[in-house]
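The values are calculated or read from the model by the stated rules, or taken from the named source; none is laboratory data. Worth saying up front: this structure is predicted, and the values here are computed from it rather than measured. Glycine gets a Cβ as well: all are built from the backbone with ideal geometry, and neighbour counts include every protein chain shown. The accessibility values were calculated without ligands, DNA or RNA, using every heavy atom of the protein model including side chains. Shrake-Rupley method; radii C 1.70, N 1.55, O 1.52, S 1.80 Å.
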Amino acid sequence: MSEQQLFKVTIDNITIEVPAGTTILNAARKIGGDVAPPAMCYYSKLEGSGGKCRTCLVEVSKGSEKDPRPMPKLVASCRTTIMDGMEVKNITSEKVLDARAGVVEFLLINHPLDCPICDQAGECHLQDLSYEHGSESTRYEFQRRTFKKHDLGPHIQLHMTRCILCYRCVFTADQLTQKREHGVLDRGDHAEIATFIEKSLDNDFIGNVIDVCPVGALTDKTFRFKNRVWFLKPMDAHRDCPTCSGRVTLWNRGDEVYRVTARKDEWGEIEDTPEGKPGWICNTCRFEKKKTSDWIIEGPRNINRHSVIAQGHYAGKIGTNKPTETFAAVNDGRKPHLLMDIHSVSQVNKPEVKLSLIDGPAHSDAFKKNND
Amino acid sequence: MSKKLLLEKAHVAGIRYFDVYRKEGGYRSVEKALKEMNPEAIVEEVKKSGLRGRGGAGFPAGMKWSFIAKPEGVPRHLVCNADESEPGTFKDRYLMEFIPHLLIEGLIVSSFALGSNDTYIYIRGEYAWIVDILEEAIAEAHKNGFLGKNILGSGFDCNIHVQRGAGAYICGEETALIESLEGKRGNPRIKPPFPAVKGVWDRPTVVNNVETLAAVVPIINMGGDEYAKIGVGRSTGTKLISACGNINKPGVYEIDMTISVEEFIYSDEYCGGIPNGKRLKACIPGGSSVPILPANLLLKTAKGETRYMNYESLSDGGFATGSMMGSGGFIVLDEDQCVVRHTLTLARFYRHESCGQCSPCREGTGWMEKILKNIETGKGKMSDIDLLWDIQRKIEGNTICPLGDAAAWPVAAAIRHFRDEFEWHVNNPDEAQKRNYGLAHYADPIHVPVA
Ligand SMILES: Cc1cc2nc3c(=O)[nH]c(=O)nc-3n(C[C@H](O)[C@H](O)[C@H](O)COP(=O)(O)O)c2cc1C
Ligand code: SF4
Ligand code: SF4
Ligand code: FES
């Protein structure tokens, strides 16, 4: 066994050891929680991705043990590898938070903000990002950029107006399918994802572009407007598929399968199969197997408690993740500063009532019971 | 008369052709380099010369050359950046059009120094006729044994290929240029890896500006030490300046970097002063990307010293009160020019030329243009000026390539030095449509022209 060299890196005052060659982002993800910078374009399963959206910018306050000089500019953590003894500031850096707020603002100025009619709402990374780092109003007073909607083949719709040009779908098509027929046309703020003269995307694995898209620009036409994701119950399931691993997440309401996606990890990326390969799924599994009887159900899927999807997820004692709260740890033990303690004003938000442990939709009875 | 090293022979009749060029002493440096020197010695001479990159960043050329990786069995490439699309910059065009063999000669010597058997000239698509000129020159050099196999019996093979761009400014950025040269979309790459390690087709690559590579010819001919004696400090040799705007004699000038900005603008040897007795208002001394300076800070530094046409002096005072040498595109604005309108024009350019990869540049450039347009057309608000400042601040330094910075700096500098003019536009929307703000206090005290 060859010995993997380990480097020490300190991110937001937390020190860990990671193998040489790890990026700052992946090191921060090992720590987890708030220390991990948000990533809108990087996708660990896609070679060459990252570096574009600039949401993952961090400050390198010490380059390495050998060369302790800080880096002059903020760097994209997803594309910067760590050095031994490096010190990085993410949420402990004013500069980073300021720049990140700027990036979020830039991403939103031309975004249609049509979440109420967008299928991605509830599992949209741009929503999460805006919620965490955005401001409540806009300083942009101009007409927003719009594009026409396009059908990319029978199953996928491209709603370019919502696109943030993360290039993930381009890399996916490039790396998963034989003939890439879509890419980026034009440049600057008029650049768009497009197929070469409205060709349909026809390939067994092209459906995965829907899963990698962080926003609602690429959506599943078999699921369009059928339901909101937070009313659905995600279940892990598999089938014996000749084309792909057949390991999926079913999104059910009652016994009805509304849509099928690949399984995603806590960073919103496709999970690896037990064999260690990325668990991309084929179009047949995704678009055509919409009956419970097509699948062998494994059980409810783990969902982060903070996710809006956890709401409709009657998981009982299994199936919800308790998040690791790192904020206090990096803030030298100080708790995050709350503007308002929601529990003091809300009738229903009781910390002692665990929403995810209630058997069924939350109902006032559950709260009354606990109030006794 | 300042010393001319590049353009001295540019107007000899027929210099575009090999025979005349050769008779005038051309290709001596190739003979000297290939017969008497080895690659390391050439790199050493270029290092000694202190030559700085003429493409904009001013990075020492010899140092850049010494960084190139030399893995066993992997070809290396030299790429000449002839994309020249920066508004205000047109010096490379002049050199390539009038004295193309100088570039070819410089390319052969540099290729030998770097071990590049296939060297590329990436030229701006709009320079279509220059492609023909260059290809003719390359063919002539082939015929005369200066290109091709076993040049001058030295055992060194070299071919030069001309590749046209398709009209994108961003393809002048070296990594975007490399992508484009490979036949891909011209998106700048994320560095590292740097081109010196992984450039064209993942091979070690050096990208240099046309003028940088042409300057290798006099350096080899006269020796690096002699070359370094011309100019001052770390601004050695001669520099081509393309001057335009409100001056009597727009054009390309070769200067040694010892003359003052004032002399450059007002002396008859160069720009010949400002037409119609108008007064100087402002100037962008190094191409559209560098900060604009008001007249008083242009001619003298904040410390009250004379400002000279060289790298150090033009950047004296940092961005607060200085600017940059940049690519040598010298744009002069007289008292009739409107800084707001001018800034809008630049903002429109950068919005149009952003490749759109990174969010701050893609979205921020368009936003700035729209706000500037409002201010220019009398629809601006006072808060817009601060908003502009905040937007440029959030673009600068947060992008993949320097185009983001280049879009932010002109806006920042215009607001920094000409804020009163922006405010006047906001406060007098109607009047601002009819007349220009003219000179303000920042142009005082104005200097009496020399010469
Ligand atoms: C947006 C952008 C456009 C550029 N355009 C040019 C150009 O047209 N010509 C050029 O020589 N350098 C250009 N550069 C600079 C190149 O990236 C690179 O620094 C230069 O070619 C290096 O050559 P030098 O070391 O000889 O200056 C540009 C840079 C940027 C960021
Ligand atoms: S369509 Fe989606 S995945 Fe593709 S670039 Fe746009 S946001 Fe990214
Ligand atoms: S800064 Fe602008 S031009 Fe440069 S890579 Fe980013 S979007 Fe493209
Ligand atoms: S995730 Fe790093 S730049 Fe987008």
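The table below gives the values:
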read-out: Strands (runs of 3 or more DSSP E) lying entirely in region A:232-303 (those with 2 or more residues that are surrounded by fewer than 17 Cβ atoms within 10 Å (Cβ to Cβ)); value: A:296-300
read-out: Qualifying residue in region B:122-143 (condition: closer than 12 Å to residue B:83 by Cα, of a type in the set (Ser, Thr, Tyr) and assigned to a strand (DSSP E or B)); value: yes
read-out: Selected residue (criterion: nearest to residue A:281 (Cα to Cα)) from residues of region A:170-188 that are open to solvent by 10 Å² or more (accessible area, probe 1.4 Å), assigned to a helix (DSSP H, G or I) and away from ligand 3 (no atom under 16 Å from the Cβ); value: A:176
read-out: Criterion (modelled with pLDDT of 95 or more, open to solvent by 10 Å² or more (accessible area, probe 1.4 Å) and farther than 30 Å from residue B:284 by Cα) met by exactly one of B:26, B:73, B:115; value: B:115
read-out: Residue list for region A:16-52, restricted to those being within 16 Å of ligand 3 (Cβ to nearest atom) and either away from chain B (no Cβ under 14 Å) or open to solvent by 10 Å² or more (accessible area, probe 1.4 Å) (or both); value: A:42, A:48, A:52
read-out: Region A:148-169 - residue that is out of contact with any Asp or Glu (no Cβ under 6 Å at 6 or more places or on another chain), more than 12 Å from chain B (Cβ to nearest Cβ) and assigned to a loop (DSSP other than H, G, I, E, B) and, of those, farthest from ligand 4 (Cβ to nearest atom); value: A:154
read-out: Flag if residue A:58 is modelled with pLDDT of 95 or more, of a type in the set (Val, Ile, Thr) and open to solvent by 10 Å² or more (accessible area, probe 1.4 Å); value: no
read-out: Pick from region B:161-181, criterion open to solvent by less than 30 Å² (accessible area, probe 1.4 Å), out of contact with any Asp or Glu (no Cβ under 8 Å at 6 or more places or on another chain) and away from every other protein chain (no Cβ under 14 Å), ranking: farthest from ligand 2 (Cβ to nearest atom); value: B:181
read-out: Helices (runs of 4 or more DSSP H) (entirely within region B:146-250) containing at least 2 residues that are assigned by TED's automatic domain parsing to the domain that holds residue B:76 and within 30 Å of residue A:51 (Cα to Cα); value: B:174-181
read-out: Selection count where residues are assigned to a helix (DSSP H, G or I) and over 22 Å from residue A:79 (Cβ atoms), scope region B:379-405; value: 12
read-out: Region B:246-264, residues that are within 17 Å of the chain's Cα centre (by Cα) and modelled with pLDDT of 95 or more; value: B:250, B:251, B:252, B:253, B:254, B:255
read-out: Cβ pairs under 6 Å, 6+ apart, first in region B:5-26 and touching a residue at least 60 places away in the same chain (Cβ under 8 Å), second of a type in the set (Asp, Glu); value: B:6/B:254; B:7/B:254; B:9/B:24; B:18/B:140
read-out: Some residue of region B:400-420 being within 16 Å of ligand 4 (Cβ to nearest atom) and open to solvent by 10 Å² or more (accessible area, probe 1.4 Å); value: yes
read-out: Lone unmet requirement of (1) in contact with a strand residue (DSSP E or B) (Cβ under 8 Å, 6 or more places away or on another chain); (2) buried (at least 17 other Cβ atoms within 10 Å of the Cβ) for residue B:4; value: (2)
read-out: Boolean, residue A:59 is within 14 Å of chain B (Cβ to nearest Cβ) and among the charged types (D, E, K, R); value: yes
read-out: Number of the exception - residue A:133 against (1) more than 20 Å from residue A:102 (Cα to Cα); (2) open to solvent by less than 60 Å² (accessible area, probe 1.4 Å); (3) within 24 Å of the chain's Cα centre (by Cα); (4) more than 10 Å from ligand 2 (Cβ to nearest atom); value: (1)
read-out: Test: residue in region B:336-343 that is within 11 Å of chain A (Cβ to nearest Cβ), closer than 22 Å to residue B:284 by Cα and more than 16 Å from ligand 2 (Cβ to nearest atom); value: no
read-out: Yes/no for residue B:202 being over 29 Å from residue B:98 (Cα atoms) and either open to solvent by 10 Å² or more (accessible area, probe 1.4 Å) or within 14 Å of chain A (Cβ to nearest Cβ) (or both); value: yes
read-out: Unmet requirement for residue A:80, which otherwise passes all of (1) within 10 Å of another protein chain (Cβ to nearest Cβ); (2) under 16 Å from residue B:357 (Cα atoms); (3) open to solvent by 10 Å² or more (accessible area, probe 1.4 Å); value: (2)
